[in-house]
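First comes the structure, then the notes that go with it.
The values are calculated or read from the model by the stated rules, or taken from the named source; none is laboratory data. Nothing here was measured: the structure is a model prediction, and the numbers come from that model. With ideal geometry, Cβ positions are generated from the backbone for all residues, glycine too; neighbour counts draw on all protein chains shown. Ligands, DNA and RNA are excluded from the accessible area calculation, which covers all protein heavy atoms including side chains. Shrake-Rupley method; radii C 1.70, N 1.55, O 1.52, S 1.80 Å.
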Amino acid sequence: MPKITCTLLFAISFSLQVLAQKPPASTPDSHPATTSQAQSSSKPVRVQAWDLLLSGTKEDSTTKRATAVRVLSLLMGDVRAVTLATHALSDAKAQVRVAAAIALGDLHAKSAIPKLEEALSDKPLVALAAAHSLLTMKDALAYEVYYEILTGERKGSKGLVAGELDTLKDPKKMALLGFQEGIGFVPFAGIGYTAIRTIVKDDSSPVRAAAARVLANDPDSATENALIQAATDDKHELVRTACLDALARRGDPAVIDRIARALSDDKDSVKYTAAAAIVHLSDIAEGRRAKKK
């Protein structure tokens, strides 16, 4: 599963089993149990595990709720897991809502798409988690978030408020927000949280470059125009390179003349990427002509 190591997953799963099979002994300060130990142990292990997860999603602790919601992603095909994760999208804490959005994507919960689309207008990390999950389910509305991050402009009728957009485009703010919310990673186009927090330059280019990579799969012509403009005019080398790469992957030979001036870019990574993109797109055009003959 993306962004979580096998070791962590094993530890979570093992801990759930241990806790389910061996309830903690009561202490003088603990609250009385609602059922006796004999009654609890008579339940099948699977029922005990579910009871533990259900109680976890209702904990007062934000971290506990988020953890319980996040591991629901392990329950592929379980309707109850989808229901719980969808409900958690309305949690008061962003940390829990991020966990819910990620879990729903991992569960490929198409029934939750309307709720995830609503979450695109939530706080930055929630919006990114929702967009990431919508992309896994091939919902094109997610592209609007990445388009707005790349261009700074709204593509559709809805968009992020200015302050939220500024946060999304600033790696340092993103990393700080991740720390403040207690979120272990930022699910954004392959750029992990650990990578974002190591960025030392005070610019938005890594995040905008990541947005460009995602937009390679957006068929909208407005997106193609935005990529071309950024590929030739953006001040950041990383963004220009990423946009040229995205245009190559889109496979539209019609853009060749519009990106040709990038061959004279003063940065090697840009001009070499432009050259490779033009060769690739020219080959596509030649192949199409050959098929027509």
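Key figures for this structure:
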item: Packing-based ranking, highest mean first, of 84-94, 281-291 given that Cβ atoms within 10 Å are counted; result: 84-94, 281-291
item: Accessible area in square angstrom per residue, the range 46-151, 1.4 angstrom probe; result: 41 Å²
item: Accessible surface, the range 229-283, averaged per residue in Å² (probe 1.4 Å); result: 52 Å²
item: Solvent exposure, largest accessible area first (probe 1.4 Å, DNA, RNA and ligands not counted), of Val45, Val145; result: Val45, Val145
item: Exceeding the 22 Å Cα-Cα cut-off - candidates Lys58/Lys138; Lys93/Lys115; Lys271/Lys291; result: Lys58/Lys138; Lys271/Lys291
item: Approximate spin-label separation Leu74-Ile284, in nm, with each point projected 7 Å along Cα-to-Cβ; result: 4.2 nm
item: Spin-label pair Ser61/Lys292, simplified geometry with 7 Å Cα→Cβ offset, distance in nm; result: 6.6 nm
